[in-house]
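Working notes, beginning with the structure itself.
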Amino acid sequence: MKVNFIYTGDTLEVLQTFPDECVDCIITSPPYFGLRDYGTAKWKGGDENCDHQVGRNTRGGLTEFQKGNKGSFGDESIKNGQSCPKCGAIRIDLQIGLESTLNEYLDKMLAITAECKRVLKKTGTMWWNHGDSYASQPTGSKNALNNEFGKKFVYKGDAENALTVRTRNKKEFDVPEKCMLLQNYRLAIRMVDEQQWILRNQIIWHKPNCMPSSIKDRFTVDYESVFFFTKFKKYWFETQYEPIQTESHERYKYDFKTEGRAWDKDPNSIYGKMGSMKVNSLGRNKRCVWKIPAHPFKEAHFATFPEKLIEPMVRAGCPEFICKKCGVAREVIFEPSEEYKKLLNQSWTEDTDKSKSLRAKMGFQANTKRVSTTADYRPIGYTDCGCDHSDGWNKGIVLDPFMGSGTTAVITKKLSRDYVGIELSSDYVTIANNRLAQQTLL
């Protein structure tokens with residue numbers, strides 16, 4: 001496996017060539033089922049001059065590369081095995097996401113996640129961005145066979161005969177038209193049930209500048225899910241912090257009124273000491289809703305990662321320094337601030353009902369005996385495995401098996417880690433490599 005290199009090819013086939021436990025972190029966003037065509041289509045039969053573009057596929061505009069590929073690029077992408085309603089050509093595509101059944105898509109994705117688990121180190125993390133789409137009538141479904149069973153969108157296909165691409169089969173998913181497919185949750189559940197991934201968090205990527213929608217009978221979707229997986233209970237993770245909110249600062253003032261008077265302002269009392277403290281200088285532990293605007297990338301498709309979305313994943317899930325001899329990653333060492341040291345292991349002086357009530361107002365558990373919510377730790381250095389590091393350290397490796405336009409690699413390089421990418425489209429590999437050539441370290 002080459003590091004700082006993007007492989008061109010099918011994701012599953014390339015992953016199968018990688019050795020076991022060779023990457024520290026995986027950050028990716030796979031193609032979603034039935035949503036978008038990334039320009040790898042081939043067509044069999046029909047009119048070779050037909051653009052094969054139907055429905056809303058031009059939403060947001062097409063690049064010259066996309067126009068020349070003769071695929072479709074919107075919510076109504078033509079699926080593998082389906083015919084072009086204009087000329088009758090049959091769709092042949094290696095791209096994941098355009099399968100004729102949802103089960104087929106999930107099975108393909110599970111084969112890839114199994115390989116991801118194999119190549120990920122025991123201490124590794126995986127960040128899997130996966131949105132959803134809606135069940136809808138197939139593109140060009142006005143013929144009698146496609147409408148034979150009413151307005152149900154049934155995932156059953158036959159690549160040899162495009163006219164039977166929507167026949168009913170109770171063994172397949174039968175999702176009512178306009179219903180969310182829940183494809184990301186179906187996949188995540190199967191990853192946990194069948195492959196024993198550990199799902200640590202579901203991060204909500206909130207997009208304040210999401211694509212406007214003309215839909216009148218539901219709310220506009222302005223978020224996607226990022227699933228944070230690990231292989232084992234113990235793994236490398238560096239806590240990330242965010243600014244403490246104004247309401248939290250108010251809670252930490254500790255100037256509570258009791259029966260018309262201030263509670264114990266004696267600077268020598270435990271409450272007085274707490275009142276003089278500052279909140280954690282690092283901020284608070286990062287929450288699971290990340291408000292990050294989407295940023296379209298003019299040279300590629302419009303499903304491009306924002307850089308601010310990737311940075312906390314790399315910092316939290318991929319070590320910067322790994323011992324070349326023993327393979328142990330360094331971790332940041334934190335110690336309590338001088339102010340917090342003075343309060344550690346001190347007990348409350350009262351255990352009355354009034355004291356319990358006051359502690360509850362402060363945000364402490366009513367039966368606690370120690371100061372807890374004002375913890376203030378600061379980084380002082382890194383752990384050391386004890387080996388001789390005169391020849392330096394290895395960098396952590398981030399893998400993106402669906403590299404696209406290369407944002408994961410760009411941020412990984414900026415943060416002084418190594419990257420490995422896989423991308424089916426050679427055009428996107430060129431775009432990603434051009435971006436990487438222009439980047440410098442943060």
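The values are calculated or read from the model by the stated rules, or taken from the named source; none is laboratory data. Quick caveat, the model's predicted, so the values are computed rather than measured. Please note: Cβ atoms are built from the backbone with ideal geometry, for glycine as well, and neighbour counts cover all protein chains shown. Protein only, heavy atoms only, side chains kept; ligands, DNA and RNA dropped before computing areas. Shrake-Rupley method; radii C 1.70, N 1.55, O 1.52, S 1.80 Å.
Could you tell me whether Lys216 is surrounded by fewer than 14 Cβ atoms within 10 Å (Cβ to Cβ), in contact (Cβ under 8 Å) with a residue 24 or more places away in the chain and assigned to a loop (DSSP other than H, G, I, E, B)? Write out each step before concluding.
Working: surrounded by fewer than 14 Cβ atoms within 10 Å (Cβ to Cβ): yes; in contact (Cβ under 8 Å) with a residue 24 or more places away in the chain: no; assigned to a loop (DSSP other than H, G, I, E, B): yes.
Answer is no for this residue.
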Restricted to segment 102-140 and to residues being open to solvent by less than 10 Å² (accessible area, probe 1.4 Å), more than 17 Å from the chain's Cα centre (by Cα) and farther than 28 Å from Asp20 by Cβ, the residue modelled with the lowest pLDDT is Ala135
Considering segment 203-240 alone, what residues qualify as being touching a helix residue (DSSP H, G or I) at 6+ places or on another chain (Cβ under 7 Å) and of a type in the set (Ser, Thr, Tyr)? Ser225
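Here's the yes/no breakdown for (1) open to solvent by less than 40 Å² (accessible area, probe 1.4 Å); (2) modelled with pLDDT of 95 or more; (3) of a type outside the set (Lys, Arg); (4) not in a loop (DSSP other than H, G, I, E, B):
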position	(1), (2), (3), (4)
Ser405	yes, no, yes, no
Ala409	yes, yes, yes, yes
Tyr428	yes, no, yes, yes
Ile431	yes, no, yes, yes
Leu442	no, no, yes, no
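Checking the condition at pLDDT below 70, hydrophobic (A, V, I, L, M, F, W, C) and under 35 Å from the mean Cα position of the chain (by Cα), which residue from Ala366, Ala303 passes?
Details: Ala366 fails: under 35 Å from the mean Cα position of the chain (by Cα).
When all the criteria are applied, what remains is Ala303.
Which of the following residues is at pLDDT 65 or above, in contact with a helix residue (DSSP H, G or I) (Cβ under 7 Å, 6 or more places away or on another chain), in a loop (DSSP other than H, G, I, E, B) and crowded, with 23+ Cβ neighbours inside 10 Å: Phe18, Phe33? Give the steps one after another, and end with the answer.
On the way: Phe18 fails: crowded, with 23+ Cβ neighbours inside 10 Å.
Only one candidate passes the filter, namely Phe33.
If you check Glu13, Glu99, which single one turns out to be more than 22 Å from the chain's Cα centre (by Cα), open to solvent by less than 10 Å² (accessible area, probe 1.4 Å) and at pLDDT 75 or above?
On the way: Glu13 fails: open to solvent by less than 10 Å² (accessible area, probe 1.4 Å).
After applying the criteria, what remains is Glu99.
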